[in-house]
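Working notes, structure below.
The values are calculated or read from the model by the stated rules, or taken from the named source; none is laboratory data. Predicted, not measured: the structure shown is a model, and the values here were computed from it. Quick reminder, even Gly has a Cβ in these numbers, built from the backbone with ideal geometry, and neighbours come from all protein chains shown.
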Amino acid sequence: MDDLKPIDLGVNNSSLSETTTTEETQYMQPKSQKNLITPILLIIGVVGGLFLGYQLAKDKLMMAGGEVPGASKLAQNPESASSVKAGDVFGAADEKTFRDQAEGVLQPGGIEGEGSHHIERGANASQWVYVTSSVVDLDLFIGHQVTVWGETNSGKKAGWLMDVGRLKVQELNAAEINNIEPAE
C-alpha cells in the first residue's frame, strides 16, 4: 500500500501533501547516498590495491638483495677507441646471461647483411664469428684481440651469428701485430 498515492481532487489537504513530500524525500535520500558510496569505495579500493602492490614489490626486491633477479648491470662504453686498455670489460656484468663465448680479432663487416662485425679466429673464413650488439659499441674495438660473450642466433649465411652482450679486450692492435688486414 505504500506505493499508492492519493489523488488530489481539488480538496486542499496540506497534511496529506506534507506526508507525500516527506515520503518522497525518504526514498530519494538513500539513492543519493548509494550514488556517493560506490565511487568512494571504488577509489579507496584502487588506492589500496596500488599501495599493496607497491609494498609487495618493495618487499620482494628487498628479499632479493636489493636487485631484480636476472637484471644485468652495464659497464659504460669507452669515450673513444684511444681510451681502451687491455683487460677492460664492457657490457653486461652478468656472465650467466650471455653463455656463448668466442675469442679473436674484431673486424668490421658482416656477411650478406648478417652481423655488423666479425671476429677472425684464423685464416679460414668458415671459422669466423659474425657479431652484432646493441649493448656494446663494437666500432671502438676494431683491430683488437677480444673475448666476447653473447647469445647465438641462427643465420642464413653466417655459420655463427652472435648478439654480443659483453666484451673483454685481450690485446690492443692485434690486427697490426698479426698482419691481419681489415675485411671488406
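Looking at region 95-103, is at least one residue surrounded by 11 or more Cβ atoms within 10 Å (Cβ to Cβ), modelled with pLDDT of 85 or more and either over 25 Å from the mean Cα position of the chain (by Cα) or more than 17 Å from LYS168 (Cβ to Cβ) (or both)?
Within region 95-103, one or more residues are surrounded by 11 or more Cβ atoms within 10 Å (Cβ to Cβ), modelled with pLDDT of 85 or more and either over 25 Å from the mean Cα position of the chain (by Cα) or more than 17 Å from LYS168 (Cβ to Cβ) (or both).
Can you pull out every residue in region 97-150 that is part of a helix (DSSP H, G or I), out of contact with any helix residue (DSSP H, G or I) (no Cβ under 7 Å at 6 or more places or on another chain) and in contact (Cβ under 8 Å) with a residue 60 or more places away in the chain? Please lay out each step first, then the result.
Step one: filter region 97-150 for residues part of a helix (DSSP H, G or I), giving 125-127, 138-141.
Still in the running and out of contact with any helix residue (DSSP H, G or I) (no Cβ under 7 Å at 6 or more places or on another chain): 125-127, 138-139, 141.
PHE141, the sole residue that qualifies.
Return a yes/no flag: does region 60-76 have any residue that is at pLDDT 55 or above, under 30 Å from LEU172 (Cβ atoms) and surrounded by 10 or more Cβ atoms within 10 Å (Cβ to Cβ).
For region 60-76, residues at pLDDT 55 or above, under 30 Å from LEU172 (Cβ atoms) and surrounded by 10 or more Cβ atoms within 10 Å (Cβ to Cβ): present.
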